[in-house]
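Data first, discussion second: the structure below is written as structure tokens.
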Amino acid sequence: MEQEVLQYSSEKGIIITKAAFEILKNSKRWKEILDYSLEKRNEIIDEEFIHNFVLRQDKIKIKEEIRVVRSGERERVAKERRDIESNFKILWEYDITGKIKSSGKIEDFNKFFKEKFEFLAEILRKRGFEGEISKVKKTKKREQVVFVAMVSEKWKSKNGNLALRLEDFRNEVIGVISKTNKELFEDGENIVEDEVLAFEGNVLSEDMILISNFWKPDVLIGGVNKAENEVNCLFISDTHIGSKLFLDKVFEKMLNWINLNVGDKGDLNLAKKIKYVVFAGDMVDGIGIYPGQIDNLEIKDIFEQYRVFGDYIEKIPEEIEIFLAPGNHDAVRRADPQPALGKEFRQGMENLGNVHFIGSPSMLEIEGVKILPYHGHSIFGLIEKISFLKPTNPTKAMEEMMKRRDLFPCYGTKQPIVPEKRNYMLIKETPDIFVTGHIHYNEYATYRERLLINAGTWEDITPYQLMQGQLVVTPGRAVVVPLNKFEIKERKFLGE
Ligand SMILES: [Fe+2]
């Protein structure tokens with residue numbers, strides 16, 4: 001070995017001190033050390049250089065050991081997740097998938113509104129608001145009446161009072177809210193057309209009442225379902241794969257975290273318990289969704305966009321159940337209610353047993369918890385109609401939907417809707433967790449003990465959003481909810 005060390009070092013022109021030579025001639029790693037010296041352009045190999053080399057190797061070894069421990073940990077966690085038996089149901093009766101039948105005729109709209117009226121009126125009647133508009137004609141002037149009605153028109157009278165045309169598919173009457181009744185007047189201003197309410201008022205004439213109070217069909221307090229055990233559900237939305245502004249590195253960081261590759265101890269504990277992922281729409285950016293979109297597309301082929309999306313989804317461990325709802329950028333019809341993504345776009349995802357395609361809206365029952373995913377296409381329409389709503393407060397708009405038991409309370413806005421045979425936009429069953437996307441703004445709230453979540457985005461702000469006046473987005477945030485506790489745990493992946 002002595003000769004070999006001498007020959008190699010002279011060939012390469014490496015100078016070795018006497019003490020270092022004594023070590024090298026007895027080391028199996030002499031060549032590695034000489035090569036390392038060449039790599040570092042080191043002039044003389046002395047004892048210190050060899051010492052540093054050994055230290056460096058040790059560090060690499062330690063790092064490898066950590067990696068091994070982590071991959072061992074991953075195996076253990078994967079096994080734990082597999083051992084938790086998946087406990088979920090997709091409640092297809094609340095999902096349009098496979099049931100599109102509407103021809104968009106006037107009769108379809110009539111039926112659609114009638115179903116809405118009957119369903120919401122029934123809720124209000126059960127709460128004691130019985131009676132029909134026909135009562136007004138039979139009641140003496142100034143006496144009180146109570147009835148349920150749909151608001152078909154809203155306007156301000158010449159005197160500045162609020163006037164509402166109220167109908168119940170049999171009769172109609174005008175309801176007036178006096179501007180002197182300030183609190184009620186303010187509430188009244190946020191009534192939207194086609195809303196169903198219970199009214200109380202005093203008869204002014206046979207076709208007019210002075211409204212003294214009104215009530216929404218609202219969800220009730222109590223009866224919230226929580227999971228028995230600590231199982232986490234991750235809520236994400238709006239990846240917009242294919243957009244130049246999709247934050248691939250940030251999203252990959254999140255996927256690494258689910259795979260327990262990054263993060264500190266606390267973070268990993270959160271990730272370890274993730275057994276479900278609910279995605280609230282806009283998987284891809286799509287094609288031709290808004291004017292000039294082509295300039296913002298990195299991937300201009302819709303199938304390729306879904307293939308790349310599928311590659312990302314495949315990185316989520318197979319023990320985790322994934323529910324994918326569409327949004328207005330996805331390759332399903334643009335109008336609400338939207339069916340699940342078609343088979344032709346599912347690419348490799350179709351064969352993954354843990355991936356489930358659902359509509360928007362839809363209803364899941366995960367570990368006994370009712371979860372309502374809806375992309376949230378109607379939110380901007382609501383923001384236009386209700387004065388106190390704004391894009392940086394999407395859960396307030398969600399709260400307004402819950403109060404009206406309707407995900408699409410305003411018709412005639414820019415957002416399209418199809419009158420299907422059944423009104424899938426009604427909140428027929430109260431969800432325990434209601435999740436939307438679309439607004440690209442993470443926000444969380446509790447309404448009557450139910451969780452409201454806007455799951456944000458993984459796309460940076462687009463020129464189109466800026467042009468539309470939306471100035472803030474919150475990309476790169478994952479929302480985790482332990483389904484037994486209903487606490488919001490937000491993990492930020494951007495800017496760390
Ligand atoms: Fe979006």
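Values in this text are rule-based calculations from the coordinates and carry no lab data. As the structure is a computational prediction, the values presented were derived from the model and not from experiment. No Cβ is skipped: glycine too gets one built from the backbone with ideal geometry, and neighbour counts run over all protein chains shown.
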Dipole check, the stretch 127-215, charges on Cβ (K,R +1; D,E -1), about Cα centroid: among F129, L162, S152 the Cα furthest to the positive pole belongs to L162
Net charge near G348 (other residues with Cβ under 11 Å of its Cβ; Lys, Arg +1; Asp, Glu -1) is -1
The rounded separation in angstrom of the Cα centers of the stretch 226-273 and the stretch 111-163 is 47 Å
Computed for the stretch 127-215: size of charge dipole around the Cα centre, +1 on C-beta of each Lys and Arg, -1 on C-beta of each Asp and Glu, debye to nearest 20, value 480 debye
Tilt, helix 302-314 to longest principal axis of the chain (alpha-carbon atoms), in degrees rounded to tens, equals 70 degrees
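Within a Cβ distance under 15 Å of Y8, other residues only, what is the Lys/Arg minus Asp/Glu net charge?
-1
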Gyration tensor on Cα atoms of the stretch 2-57, a ≥ b ≥ c root eigenvalues, a/c under 1.5 rounded, else prolate if a/b beats b/c, else oblate, says rounded
The summed charge of the L426 Cβ neighbourhood (under 14 Å; Lys/Arg +1, Asp/Glu -1) stands at -2
Descending packing, highest mean Cβ count within 10 Å first, for 256-263, 183-190 is 256-263, 183-190
Rounded to whole angstrom, the alpha-carbon centroid of the stretch 451-484 lies from that of the stretch 414-436 at a distance of 21 Å
CD proxy, 222 nm, the chain: helix-only mean residue ellipticity via -39,500 (n - 2.57) per DSSP H run with n ≥ 4, per residue, nearest 500, stands at -9500 deg cm²/dmol
Log entry: pair-distance distribution for the stretch 127-215, C-alpha pairs binned every 10 Å from zero, whole % per bin is 19, 57, 24, 1
Taking a ≥ b ≥ c as the square roots of the Cα gyration tensor eigenvalues, with a/c under 1.5 meaning rounded and otherwise prolate when a/b beats b/c or oblate if not, the stretch 207-281 comes out oblate
antiparallel share of DSSP beta bridges within the chain, to nearest 5, in %, is 65 percent
By the C-alpha gyration tensor axes a ≥ b ≥ c (rounded if a/c is under 1.5, else prolate when a/b exceeds b/c, else oblate), the shape of the stretch 341-496 is rounded
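With the cut-off at 33 Å, report for the chain the share of all Cα pairs above it, as a whole percent.
Beyond 33 Å sits 51 percent of the P(r) for the chain.
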